[in-house]
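Here is the structure we will look at.
The values are calculated or read from the model by the stated rules, or taken from the named source; none is laboratory data. None of the values given here were measured: they were computed from a predicted structure. A quick note on method: Cβ atoms are made from the backbone with ideal geometry, for glycine too, and the neighbour counts reach across all protein chains shown. Areas reflect the complete protein model, heavy atoms only, side chains present, ligands, DNA and RNA absent. Shrake-Rupley method; radii C 1.70, N 1.55, O 1.52, S 1.80 Å.
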Amino acid sequence: MNILGRKYYYFIGAGGIGMSALARYFKSLEKIVIGYDKTPTDLTRELEREGIDLHFEDHLDKIAPYLTPENTLVIYTPAVPKELREYQYFLQNGFDILKRSEVLGEITDATFGIAVAGTHGKTTTSSILGHILHQSGLESSAFLGGVLEEYDSNFLTKGYRITVSEADEFDRSFLRLSPKVGIITSMDADHLDIYGNKEEFEEAFIAFSKKISEKTFVRKGLPIPDAITYGVESGADFDAVNIRIEDGVYYFDLETPDELIQNFILKLPGKHNVENAVAAVSVALYLKIPAHKIKHALENFKGIKRRFNRWDFDGKVYIDDYAHHPTELNAVMGAIKEMFPDKKILGVFQPHLFSRTRDFMDGFAESLAGFDELILLDIYPARELPIDGITSEALLEKINLDKKEVSSLQNALSRIQSKDFDVLVTVGAGNIDTLVKPIKSWLDED
């Protein structure tokens with residue numbers, strides 16, 4: 001199928017982070033992009049300002065009569081229920097309907113595709129790499145799972161010869177990709193409601209690695225054969241060494257198979273982000289980008305919204321992060337304690353998915369015990385129905401912490417305002433992000 005041969009591109013679930021990047025891609029090609037999402041958000045409002053026509057009611061009269069199977073491609077996200085009336089209309093009337101991952105596969109197959117996979121780290125790694133390519137002037141586009149602070153977008157483009165994309169392991173979507181270069185950042189078990197067990201999960205990553213035609217870069221220690229390794233003080237093929245922190249900024253040198261490249265600067269917190277940067281830099285070097293251009297781009301990388309964003313207010317610090325897996329929480333906690341020793345840390349965490357909370361309850365309990373005080377929000381269900389016995393109250397009981405409580409999202413701000421803290425941290429992948437603006441406004445007034 002020639003996915004570029006249509007006039008209209010209809011997105012069902014347009015406001016998702018991955019879907020919106022694709023919508024922006026087709027808009028950049030001067031296609032007419034329209035569609036539906038359940039709820040208006042900051043991101044959908046941005047899309048509308050960019051000229052993408054969206055609506056938020058599942059009504060067939062919202063589908064224009066000039067849309068035909070010949071002139072329209074329908075793109076949907078698996079998060080959309082199949083009984084949605086608009087989805088059923090397109091299905092029953094002979095329209096070509098593709099998953100987001102299928103469309104992304106077609107795009108990356110037609111370019112020099114670089115795909116970044118991993119349970120965690122893939123958004124930061126792909127964003128750093130996309131930024132480096134963009135800043136270095138390569139004809140490239142990047143489809144990102146986060147909104148970059150510097151560009152206020154999750155889609156970057158200076159051409160279409162090279163594409164950078166995230167390879168999503170959910171429902172094995174990444175097996176639809178056939179990239180030239182791949183990065184695998186991590187393989188900590190997740191989505192066990194789909195995979196069943198850790199072994200099946202890891203087998204999917206191995207299968208993904210076999211679809212990479214040129215070079216595979218993996219974090220040292222992952223069970224991927226015939227790959228180039230990267231790491232932090234790990235003896236990897238590409239290894240960050242001589243790491244030091246000055247004024248909250250990381251400096252490191254990079255040991256490569258050929259040379260030692262000195263004095264990289266990274267303003268993101270935590271050694272896990274140094275590791276993500278090394279992955280991106282390794283691929284940039286493979287693409288023959290000069291080291292001085294890579295250094296300049298890395299030093300000026302401002303980060304991703306909801307990836308350890310930090311604000312300072314008269315002695316109080318507020319940090320917001322997307323972490324929703326115990327390993328990610330541990331990385332966030334490690335960075336915070338490294339940066340703010342002896343400070344009182346209040347955590348607000350929203351569990352994401354009943355199945356993930358069930359599968360990693362002990363891990364979450366251990367990670368969340370690192371806060372000095374915790375407000376645990378109700379579980380964000382996303383696509384799932386409740387699971388008997390899996391609640392925030394059940395998780396709270398397992399957390400070894402004296403000061404802890406469960407709150408609804410609606411009451412969270414008032415509970416935060418009643419607490420004494422030096423550092424406030426909000427974490428989670430659901431709709432906890434709706435607290436960010438109210439919290440910032442409150443702290444700015446305080």
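Tell me yes or no: at least one residue of segment 80-88 is within 18 Å of Y25 (Cα to Cα) and either out of contact with any strand residue (DSSP E or B) (no Cβ under 6 Å at 6 or more places or on another chain) or modelled with pLDDT of 90 or more (or both).
no
Restricting attention to segment 326-347, the residues that are surrounded by fewer than 23 Cβ atoms within 10 Å (Cβ to Cβ) and either small (G, A, S) or within 26 Å of A189 (Cα to Cα) (or both) total 8. In segment 337-354, of all residues being over 20 Å from the mean Cα position of the chain (by Cα) and not charged (D, E, K, R), the one that is farthest from V436 (Cα to Cα) corresponds to P341. Would you call R310 closer than 26 Å to G118 by Cβ, open to solvent by less than 20 Å² (accessible area, probe 1.4 Å) and of a type in the set (K, R)? No; evaluated as a whole, the condition is false for this residue. Among the residues making up segment 1-14, a single one is of a type outside the set (F, W, Y) and assigned to a strand (DSSP E or B): I12. Summed over segment 1-28, residues that are open to solvent by 10 Å² or more (accessible area, probe 1.4 Å) and among the aromatic types (F, W, Y) total 2.
One line per residue, one yes/no per condition, for (1) charged (D, E, K, R); (2) assigned to a helix (DSSP H, G or I); (3) at pLDDT 95 or above:
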| position | (1), (2), (3) |
| --- | --- |
| E338 | yes, yes, no |
| V348 | no, no, yes |
| F364 | no, yes, yes |
| L376 | no, no, yes |
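Out of the residues in segment 206-227 that are open to solvent by 40 Å² or more (accessible area, probe 1.4 Å) and in a strand (DSSP E or B), which is nearest to L266 (Cα to Cα)? Restricting to residues being open to solvent by 40 Å² or more (accessible area, probe 1.4 Å) and in a strand (DSSP E or B), the top hit is R219.
Considering only segment 175-201, how many residues are part of a helix (DSSP H, G or I) and closer than 20 Å to Y25 by Cβ? So the answer is 1.
Out of K419, K440, which single residue is open to solvent by 30 Å² or more (accessible area, probe 1.4 Å), over 11 Å from L377 (Cβ atoms), in contact (Cβ under 8 Å) with a residue 60 or more places away in the chain and assigned to a helix (DSSP H, G or I)?
K440 is the lone residue from the list that is open to solvent by 30 Å² or more (accessible area, probe 1.4 Å), over 11 Å from L377 (Cβ atoms), in contact (Cβ under 8 Å) with a residue 60 or more places away in the chain and assigned to a helix (DSSP H, G or I).
Regarding segment 127-141, can at least one residue be identified that is modelled with pLDDT under 95 and either aliphatic (A, V, I, L, M) or under 28 Å from Y8 (Cβ atoms) (or both)?
So far as segment 127-141 goes, no, none of its residues is modelled with pLDDT under 95 and either aliphatic (A, V, I, L, M) or under 28 Å from Y8 (Cβ atoms) (or both).
Can you confirm whether I3 is among the hydrophobic types (A, V, I, L, M, F, W, C) and modelled with pLDDT of 95 or more? Taking the combined requirement at face value, the residue does not satisfy it. Of the strands (runs of 3 or more DSSP E) lying entirely inside segment 259-326, those containing at least 2 residues that are of a type outside the set (A, V, I, L, M) and touching a residue at least 60 places away in the same chain (Cβ under 8 Å) span 309-313, 316-321. Just one of the listed residues (T434, T391, T426, T357) is more than 24 Å from the chain's Cα centre (by Cα) and among the hydroxyl-bearing types (S, T, Y), namely T391. From the list I439, I390, I399, the lone residue that is farther than 19 Å from T327 by Cβ, touching a helix residue (DSSP H, G or I) at 6+ places or on another chain (Cβ under 6 Å) and of a type in the set (V, I, T) is I390. Screening G159 on (1) without any contact (Cβ under 8 Å) to a residue 24 or more places away in the chain; (2) open to solvent by less than 20 Å² (accessible area, probe 1.4 Å); (3) closer than 23 Å to P78 by Cα shows it passes everything except condition (3).
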